[in-house]
Amino acid sequence: MRKSIYILGMMFLMLCATSCLDSGGTTSTTISDEAKITSFYLYSDSIEGIDDYVFTIDDDSMLIYNYDSIDYGTRIDSLSFVINPRFSSVYINDTLDYYNLTEVYLDFTNGVKFTVVASDEKTSADYFVKVNVHTVDPDTFIWQGIKSEVFGGYAMTEKVLWINDRLLYFAIVDNDLLVNESVDGEKWEALEVSGLDIDFSDIDLNYLVGYEDFVCLYYDGELYKSADGATWTSEVITGIAVEYLLFSMEGKVYGVTADHGLARLDGTDWVDLGRLPSDFPVEGAAVLVAKAPSGKERVFVVGGIDANGRFLSTVWSSETGGYWSELSGGIERFSPRAYAALAQYGGGLMLFGGMSQVADSESESVVVKDAQVFSKDFGLTWGAPKSKSEIGDLYVPRYGHSAVVVPNGYIYLIGGKSSAVRSNNDVWRGLNYASLPGFRR
């Protein structure tokens with residue numbers, strides 16, 4: 001594992017014989033006339049990439065540290081280092097003279113003190129090196145039930161969207177639309193709805209769409225929009241006949257036509273984009289628009305029910321809305337389901353719950369057995385999540401719920417039904433440290 005410091009010593013001798021060593025910074029053979037460290041980095045032949053971590057040198061606090069923490073579980077009890085410029089002497093923890101040692105493997109677990117001495121052999125400065133390592137496994141999920149009941153009653157259909165920096169929870173209860181808002185998922189406020197003079201018994205909130213800074217609802221040829229979930233305005237949409245909205249992507253709203261085609265809204269006109277694939281779902285699909293690693297948005301349509309009433313396990317994806325790819329390759333990667341919740345989180349796609357098809361029954365509803373599956377390659381293959389990602393036993397598997405990822409790195413699982421007679425109306429919040437903004441592996 002270790003390399004002898006003799007190698008490093010030879011490197012310094014080579015510095016004296018030549019002129020410099022270009023290894024993360026230039027070390028001159030000239031001894032510095034200032035007691036000031038200008039660069040520092042770690043070295044190890046057994047820990048790949050550790051020399052890539054950038055160390056900040058704070059001359060006010062005399063602290064040297066890495067802002068981006070090293071990967072969880074990395075051992076830092078036996079590391080070498082490179083320090084620039086060259087000094088008259090470098091003392092480690094007040095005792096070791098670095099230039100006179102034949103082997104140096106330092107334990108940085110509790111930090112290390114460096115004393116550097118300038119060329120006059122009198123001027124010195126003390127620096128403290130603190131090596132930051134992630135203390136929590138970044139792939140571990142922390143799940144919490146944070147709200148037991150947002151509203152009372154049985155929700156026939158529901159949807160939660162993140163709009164204008166808050167969660168908006170829409171639910172149809174007793175043919176009336178309830179809207180509740182929250183900024184953290186714990187405290188909720190009921191809103192008074194105006195501008196929606198429609199028959200809510202005909203509405204499936206699964207097709208409620210977030211478009212830019214608005215919530216959009218399509219009903220009987222009119223597009224209803226709201227920035228706060230409470231006050232709605234409408235405009236008449238012309239063109240081909242559209243039955244419901246499907247998604248919004250790249251600043252455009254898309255809907256499904258009466259003859260199983262896809263249309264894009266341009267201004268106040270629907271533009272026909274052609275027929276959807278024959279086995280594309282007609283209801284109950286989990287729909288997600290998320291950015292690919294390239295930064296370009298793409299839409300996923302997972303599961304659902306086809307025109308023949310068959311429950312699906314398909315995974316459709318598109319970057320344009322005009323061309324669709326079925327990612328599962330005709331293989332059943334997970335059990336067929338409808339009204340599941342889909343999110344891009346934890347480095348892949350997470351699919352939660354869903355309703356299973358029950359033979360010879362029009363009223364019985366059963367939650368799928370594989371109620372949590374994960375795709376690390378964004379839809380190509382699926383499997384059970386690692387144990388560190390699983391939700392605890394107190395979480396009740398469900399269908400018809402929402403999975404919402406918010407900018408601060410949290411994921412919310414909200415509402416849904418665990419049976420045809422039980423509406424949950426609760427809120428669960430999850431955190432995966434690797435999904436926090438700015439996290440560096």
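Here are the numbers for the structure shown:
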{"quantity": "Complete set of residues in the range 182-195 that are under 24 Å from the mean Cα position of the chain (by Cα) and in a strand (DSSP E or B)", "calculated": "182"}
{"quantity": "Single residue of 276, 245 found to be in contact with a helix residue (DSSP H, G or I) (Cβ under 7 Å, 6 or more places away or on another chain) and touching a residue at least 12 places away in the same chain (Cβ under 8 Å)", "calculated": "245"}
{"quantity": "Number of the exception - residue 347 against (1) at positive phi; (2) touching a Ser or Thr at 6+ places or on another chain (Cβ under 8 Å); (3) at pLDDT 95 or above", "calculated": "(3)"}
{"quantity": "Within the range 354-433, strands (runs of 3 or more DSSP E) holding 2 or more residues that are modelled with pLDDT of 95 or more and within 21 Å of residue 169 (Cβ to Cβ)", "calculated": "402-405, 410-414, 427-432"}
{"quantity": "Which listed residue is closer than 19 Å to residue 245 by Cβ, surrounded by 20 or more Cβ atoms within 10 Å (Cβ to Cβ) and either outside the structural domain of residue 401 (by TED's automatic domain parsing) or not aromatic (Phe, Trp, Tyr) (or both), from 338, 290", "calculated": "338"}
{"quantity": "Every pair of residues 6+ apart whose Cβ atoms lie under 9 Å, when the first sits in the range 384-401 and is surrounded by fewer than 14 Cβ atoms within 10 Å (Cβ to Cβ) while the second is among the charged types (D, E, K, R)", "calculated": "384/370; 384/390; 386/139; 388/137; 388/139"}
{"quantity": "Filter result for residue 328 (assigned to a loop (DSSP other than H, G, I, E, B) and either of a type in the set (S, T, N, Q) or not assigned by TED's automatic domain parsing to the domain that holds residue 271 (or both))", "calculated": "yes"}
{"quantity": "Wholly enclosed strands (runs of 3 or more DSSP E) of the range 102-181 bearing at least 1 residues in contact with a helix residue (DSSP H, G or I) (Cβ under 7 Å, 6 or more places away or on another chain) and either surrounded by 14 or more Cβ atoms within 10 Å (Cβ to Cβ) or in contact (Cβ under 8 Å) with a residue 40 or more places away in the chain (or both)", "calculated": "141-147, 157-163, 166-173"}
{"quantity": "The range 261-276, residues that are surrounded by 15 or more Cβ atoms within 10 Å (Cβ to Cβ) and in a loop (DSSP other than H, G, I, E, B)", "calculated": "276"}
{"quantity": "Meets criteria (surrounded by 19 or more Cβ atoms within 10 Å (Cβ to Cβ) and among the polar types (S, T, N, Q)) for residue 365", "calculated": "yes"}
{"quantity": "Subset of the range 202-229 (residues that are more than 18 Å from residue 176 (Cβ to Cβ), part of a strand (DSSP E or B) and of a type in the set (Ser, Thr, Tyr))", "calculated": "211, 218"}
{"quantity": "Selected residue [buried (at least 16 other Cβ atoms within 10 Å of the Cβ), touching a residue at least 24 places away in the same chain (Cβ under 8 Å) and farther than 18 Å from residue 339 by Cβ] from 318, 313, 328", "calculated": "328"}
{"quantity": "Filter result (more than 24 Å from the chain's Cα centre (by Cα) and among the polar types (S, T, N, Q)) within the range 196-211", "calculated": "201"}
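The values are calculated or read from the model by the stated rules, or taken from the named source; none is laboratory data. Predicted, not measured: the structure shown is a model, and the values here were computed from it. Neighbour counts are summed over all protein chains in view; Cβ atoms, including those assigned to glycine, are modelled from backbone coordinates with ideal geometry.
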